[in-house]
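Peer 1: Here it is, the structure, as structure tokens.
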Amino acid sequence: TITPGELLCLGSSLAFSGLFYYLYRKKARVVARIQEAQKLQVDDNLPALVSAAEGRCLPYVALEGIVLPAQAALTSHYHEGLQGVIQKRLLREHRLIWNSLARSW
């Protein structure tokens, strides 16, 4: 015979497995979209391409080109001749929606 405690454990285990599988599949779709991203070169045609796009936004685009540092490039202490730069990121929140359940934006 199966006790109610065992049924509860089995049900919660199935629920958590289903939730984690759903989250896994959702993230796998995002990764697939990123891997299929269009590769563009940083050149004079890029601003015209962005302004011609719908909403003036290009989703999941890989930019390739030469990056110049604003001041001095960072040099590696561990690999001689290896240099890098820090990318400044800007995140824009287009729309805020009030969540009445969580009482947050």
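Peer 1: For Val85, work out the one condition from (1) open to solvent by less than 90 Å² (accessible area, probe 1.4 Å); (2) at pLDDT 85 or above it doesn't fulfil.
Peer 2: Just one mismatch for Val85, condition (2).
Rundown of residues vs (1) surrounded by 10 or more Cβ atoms within 10 Å (Cβ to Cβ); (2) at pLDDT 95 or above; (3) within 30 Å of Leu68 (Cα to Cα), yes/no style:
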| site | (1), (2), (3) |
| --- | --- |
| Cys9 | yes, yes, no |
| Tyr21 | yes, yes, no |
| Asn45 | yes, no, yes |
| Ala48 | no, no, yes |
| Ser51 | no, no, yes |
| Arg56 | no, no, yes |
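The values are calculated or read from the model by the stated rules, or taken from the named source; none is laboratory data. It should be emphasised that the depicted structure is a prediction, and the values quoted were computed from it without experimental measurement. Cβ coordinates were reconstructed from backbone atoms using ideal geometry, including for glycine residues, and neighbour counts include every protein chain displayed. SASA here: full protein model, heavy atoms, side chains in, ligands and nucleic acids out. Shrake-Rupley method; radii C 1.70, N 1.55, O 1.52, S 1.80 Å.
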